Amino acid sequence: MTRLSTFLAGLLALLFMMPVSALAVRKEKRSVVHLETSLGDIRIALSDMTPVHRDNFLRLAASGYYDGLLFHRVIESFVIQGGDPDSRNANKDSLLGEGGQDYTLPAEIVFPDLYHVRGAVAAAREGDDVNPDFRSSGSQFYIVWGRKMAPADLKKAISYLSERGIELDRFMISDYQMYGGTPHLDGAYTVFGEVIEGLDIVGKIQKCPTDTNDRPLEDVVIIRASVERLSKDAEAAMK
């Protein structure tokens, strides 16, 4: 056996003996919410780094709050948004997007760990002019789609973020180029989870034809939201 073969054999043996990475363990143990929608199923894993948003989303999902609500705001190559209780059984001419819980959540912006790559789940909120603390809606959330960033667009996003004191590392830049996302939202909205199954369904939804208010012409309904798994931290918090 050559030295190279011996080295490779030893490396493979070492890899098989190594424990699962910390990242994989963390992801395996995250809380998971299942959204059954009229276009297919989406599973969302929630981050333990954003416990306030995690627990709020879990409570609402477990209570049936999201059942029957619409993805009322859909913008192709950007985001799909839901969680407005006024959207349940809403007439076609209803203006949606202002409904929600009678509370807001404190921002839990965990950047650079959580950022707006495609599939990220984040909390909607009121604009900066009336919400300088970036507090989140009590129920409305969005799922990121975004474009795969061309060099020129990425350069503009990096420049915009730099003016706000936010820097993208090389891994984020690579993700935005390879997978897509909405980097201009980084540091301003709370990302609290990610789609782990059903990203193709998100892709279908973001392509739905919409009216002038970004509402799909054919309703996209969250038929049922259910909690499939709780992380240890969430289980302790929910007791």
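Key figures for this structure:
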read-out: Hits in region 169-213 - residues which are outside any helix (DSSP H, G or I), hydrophobic (A, V, I, L, M, F, W, C) and under 27 Å from S31 (Cα atoms); value: A188, V191, F192, V195, I196
read-out: Yes/no for S21 being at pLDDT 95 or above, surrounded by fewer than 20 Cβ atoms within 10 Å (Cβ to Cβ) and closer than 21 Å to R229 by Cβ; value: no
read-out: Check on S139, modelled with pLDDT of 95 or more, out of contact with any Asp or Glu (no Cβ under 7 Å at 6 or more places or on another chain) and over 17 Å from R118 (Cβ atoms); value: yes
read-out: Residue match in region 94-112 (condition: polar (S, T, N, Q), closer than 25 Å to T210 by Cβ and surrounded by fewer than 18 Cβ atoms within 10 Å (Cβ to Cβ)); value: yes
read-out: Verdict on D175 being among the acidic types (D, E), modelled with pLDDT of 95 or more and surrounded by 14 or more Cβ atoms within 10 Å (Cβ to Cβ); value: yes
read-out: Per-region count, region 100-158, residues in contact with a strand residue (DSSP E or B) (Cβ under 9 Å, 6 or more places away or on another chain), part of a loop (DSSP other than H, G, I, E, B) and under 24 Å from K207 (Cα atoms); value: 12
read-out: Top-ranked residue in region 214-232 [being assigned to a loop (DSSP other than H, G, I, E, B) and among the hydrophobic types (A, V, I, L, M, F, W, C); ranked as surrounded by the fewest Cβ atoms within 10 Å (Cβ to Cβ)]; value: L217
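The values are calculated or read from the model by the stated rules, or taken from the named source; none is laboratory data. Given the structure is predicted, the values throughout are model-derived calculations rather than measurements. Positions of Cβ are backbone-derived with ideal geometry, glycine not excepted, and every protein chain shown enters the neighbour counts.
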